[in-house]
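Below is one structure, written out as structure tokens; comments come after it.
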Amino acid sequence: MSVTPHKPGVDARWGVRAWLTMVPRSLRQHAVSTSITVLAVALACGLVMSVFTIQRQAHDAFIGGPVGFDAVLGARGSKLQLVLNSVFHLETSPGNIPWTLYEEIRKTPGVKAAIPMAVGDNYRGFRIVGVTPQMFDIELAQGVKLKPETGRLFDPTLREAVVGSFAAQRTGLRVGAFFNPSHGVSEGGETHEEQYKVVGILAPTNTPNDRAIWIPIEGVYRMAGHELRGSGERYVARPGQAIPDEDKEVSAVLLKLAAPQFGAGLDQMVNKQGNRATLAWPIATVIADLFSKMGWVTRILELVAYLVVLVSAAAIMAGIYNTINERRREFAILRALGARRSIVFGAIVLESGAIAAIGALLGFAVYFAIVASAAVVIRDQTGVVLDIWQWHNALALTPVGMTLAGAIVGIVPAVKAYSTDVAGNLAPQT
Amino acid sequence: MPEMPVLRVTSLKKTYRTPDGERHTIIDIPTFELAEGRQVALRGSSGSGKTTFLHMLAGILRPDSGSIEIDGVDITAAPESRRDQIRADAIGYIYQTFNLLQGYTALENVRLAMMFGHGVDDARARGLLERVGLADRLRYRPRALSVGQQQRVAVARALANRPRIVLADEPTGNLDHRHAAEALRLIRDICLEFGAALLLVSHDRAVLEQFEDVRELSEINRAASDAKIAS
């Protein structure tokens with residue numbers, strides 16, 4: 001007989017098929033409002049995923065990047081400025097320390113390597129760093145050294161330079177090219193008369209070092225207009241005349257320790273007992289402090305991102321809610337055909353969830369666009385390279401969360417659809 | 001053995017509250033039966049409770065009291081989900097305004113009705129639309145169809161789930177004289193063909209003349225006859 005109850009599962013199976021028919025149809029029928037809402041959701045999801053991944057990657061790149069050194073010794077002052085200047089080639093130098101201090105620290109037990117560096121010039125905004133050739137022996141990370149991809153390393157007695165990969169790419173410097181350094185660590189300073197020959201282009205290391213131009217430290221001392229005050233007295237280098245060690249000075253000394261525990265001893269010696277210099281150790285902690293101090297910015301960005309998600313979820317709800325009145329007759333017809341209230345309710349919740357899910361998927365395009373753009377800017381400004389393919393849990397949680405949020409806000413219009421007066425809405429519309 | 005009625009109505013009452021706050025009885029039917037496969041026309045004027053009666057028979061509206069049995073199952077005592085199922089499985093409904101889903105093609109309108117019943121039978125859906133003369137209009141949406149064609153889709157949809165009874169509420173009210181006659185003939189023929197009883201309500205004399213069994217709503221609905229006496 002026709003009115004016998006259905007077998008268990010029959011209604012559920014056909015209910016699902018009804019949803020699969022009704023939901024895509026409704027999305028197409030309301031294509032304009034659906035598209036606008038999907039776009040809003042895509043922007044929201046892309047923004048949220050970007051905020052979390054850029055924050056994490058920037059944190060990891062600055063704190064856990066292949067720095068290659070454990071500590072930095074420099075002039076008395078800010079540890080952060082010292083690290084930013086010597087490791088990330090950002091900021092200005094906090095001042096100089098005498099060469100004799102470098103010698104002293106180099107001979108301290110537990111110091112495995114000490115690389116003196118001198119800064120103060122640039123070429124087209126890319127910092128020129130004077131170092132000893134030992135810099136190129138340092139392993140920045142497992143198997144990663146500053147080594148020429150083309151050409152060779154500089155001769156420390158000549159006006160030769162090796163150029164970081166990014167600096168070479170941006171300045172157009174090639175092996176065999178000549179350039180004149182300009183005074184100052186940023187673009188716009190007076191051009192020096194000394195001409196340097198590019199003898200090597202370094203292989204990319206994806207570190208801030210790719211943005212530097214490396215010359216012999218002696219070259220910095222002998223650059224016209226540079227004065228040395230290592231002994232406290234003014235000294236200007238003269239051609240053909242050796243510079244006494246007591247007159248030399250360095251911007252910083254990059255230190256590699258034999259073991260981490262030596263850092264505490266050095267810290268005690270330099271920072272607590274001494275007053276001539278500052279030791280930034282460990283480097284990662286100094287940068288982590290910066291991120292910690294700047295944590296409120298991240299939290300505000302996260303808050304803004306959550307608000308954008310909230311607004312887009314509200315947009316989904318408003319978009320569907322506004323269509324419910326014009327769709328009351330459709331719901332009444334469906335109910336008159338035998339559709340249960342749960343079918344109508346579920347169709348609206350699914351429709352809302354589907355809009356959120358489509359938006360979330362498109363959000364990946366927005367995410368890649370934002371992260372790729374941010375990666376270019378961050379690399380330009382800091383030399384730190386973000387990996388846009390790096391996984392972050394936000395890449396899964398955001399789309400899933402957005403879809404759930406979409407389905408949840410769909411409950412409001414779904415309740416309205418659920419309670420449609422069937423008899424009243426089947427009447428002719430005049 | 002007496003023939004089992006496909007529809008049996010007993011002591012059915014429905015009232016509604018007027019703007020003055022009083023309760024007005026719109027339906028008061030002591031008894032009404034429709035035998036399997038029979039075709040009955042109910043004559044009733046506007047406001048006589050025709051649509052309310054059909055809505056209650058379909059389980060769309062709940063009566064205040066009384067019972068409505070479809071194939072022996074009292075739908076007034078059944079929970080809403082069961083009434084929905086009975087409506088989908090056993091009752092076909094043809095409306096004056098067709099009530100087709102505008103976003104769906106003719107074929108999809110029929111298929112969707114099947115989803116809420118015994119399940120989609122694509123061959124049957126196509127067969128029904130071919131039977132009503134719309135073989136070349138399967139993919140047309142209602143707006144692309146003439147009024148007469150829309151009514152034929154509605155007829156095919158009403159028969160989608162092999163109903164035991166078809167309820168038709170002024171089914172030719174929106175059609176011109178020629179199309180009305182055609183539509184009526186189609187509804188009657190197809191109900192006979194598929195073994196469904198037909199209960200049609202109308203106030204159109206031309207329609208009612210086509211039926212052998214025509215009953216006055218005022219004769220079975222005491223509320224309508226009271227209103228008549230009062231007027």
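The values are calculated or read from the model by the stated rules, or taken from the named source; none is laboratory data. Being a predicted model, the structure only gives us computed values, none of them experimental. Virtual Cβ from ideal backbone geometry, glycine too; neighbours counted across all protein chains shown. Only protein heavy atoms, including side chains, enter the accessible area calculation; ligands, DNA and RNA are left aside. Shrake-Rupley method; radii C 1.70, N 1.55, O 1.52, S 1.80 Å.
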Next on the checklist: So in segment A:181-196, with the set limited to residues that are touching a Phe, Trp or Tyr at 6+ places or on another chain (Cβ under 7 Å) and part of a loop (DSSP other than H, G, I, E, B), which one is surrounded by the most Cβ atoms within 10 Å (Cβ to Cβ)?
Outcome noted: A:Pro181
Checklist entry - So is A:Gly46 touching a residue at least 24 places away in the same chain (Cβ under 8 Å) and outside any helix (DSSP H, G or I) or not? => result no
Item to check | Failed criterion for B:Tyr140 (all others in (1) within 10 Å of chain A (Cβ to nearest Cβ); (2) part of a loop (DSSP other than H, G, I, E, B); (3) among the aromatic types (Phe, Trp, Tyr) hold) | outcome: (1)
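How many residues, within segment B:188-209, are more than 14 Å from B:Arg162 (Cα to Cα) and crowded, with 21+ Cβ neighbours inside 10 Å?
Step one: of segment B:188-209, the residues more than 14 Å from B:Arg162 (Cα to Cα) are B:188-189, B:199-209.
Next, from what is left, pick out any that are crowded, with 21+ Cβ neighbours inside 10 Å: B:199-202, B:207.
So the count comes out to 5.
For segment A:128-145, how many residues are closer than 19 Å to A:Asn85 by Cα and modelled with pLDDT under 95?
Total meeting the criteria: 2.
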Checklist entry - Can you tell me how many residues in segment A:330-357 are open to solvent by less than 60 Å² (accessible area, probe 1.4 Å), within 14 Å of another protein chain (Cβ to nearest Cβ), under 20 Å from A:Ile411 (Cβ atoms) and of a type in the set (Gly, Ala, Ser)? => result 3
Next on the checklist: When you scan segment A:221-233, do you find a residue that is surrounded by 16 or more Cβ atoms within 10 Å (Cβ to Cβ) and in a helix (DSSP H, G or I), even just one?
Outcome noted: yes
Checklist entry - Out of (1) under 30 Å from B:Gly92 (Cβ atoms); (2) surrounded by fewer than 20 Cβ atoms within 10 Å (Cβ to Cβ), the odd one out for A:Ala372 is which? => result (1)
Checklist outcome for this item: Among helices (runs of 4 or more DSSP H) entirely within segment A:358-430, at least 2 residues that are of a type in the set (Gly, Ala, Ser) and within 14 Å of chain B (Cβ to nearest Cβ) occur in A:422-426
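Name the single residue that is farthest from the chain's Cα centre (by Cα) among those in segment A:310-329 being within 14 Å of another protein chain (Cβ to nearest Cβ) and in contact (Cβ under 8 Å) with a residue 40 or more places away in the chain.
Among them, the one singled out is A:Arg329.
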Checklist entry - Could you say whether any residue in segment A:21-39 is crowded, with 22+ Cβ neighbours inside 10 Å, within 22 Å of A:Leu362 (Cβ to Cβ), modelled with pLDDT of 90 or more and away from chain B (no Cβ under 14 Å)? => result yes
Next on the checklist: Residues that are acidic (Asp, Glu) and touching a Ser or Thr at 6+ places or on another chain (Cβ under 9 Å): does segment A:131-148 have at least one?
Outcome noted: no
Checklist outcome for this item: Taking segment B:186-204 and keeping only residues that are charged (D, E, K, R) and touching a helix residue (DSSP H, G or I) at 6+ places or on another chain (Cβ under 6 Å), one is left with none
Checklist entry - If B:Ala123 satisfies every condition in (1) part of a loop (DSSP other than H, G, I, E, B); (2) more than 8 Å from chain A (Cβ to nearest Cβ) but one, which is the exception? => result (1)
Item to check | Top-ranked residue of segment B:24-34 - restricted to ones that are open to solvent by 10 Å² or more (accessible area, probe 1.4 Å) and away from chain A (no Cβ under 14 Å), ranked as farthest from B:Ile165 (Cα to Cα) | outcome: B:His24
Checklist entry - Would a scan of segment B:168-180 turn up a residue that is within 23 Å of B:Lys13 (Cβ to Cβ) and of a type in the set (D, E, K, R)? => result yes
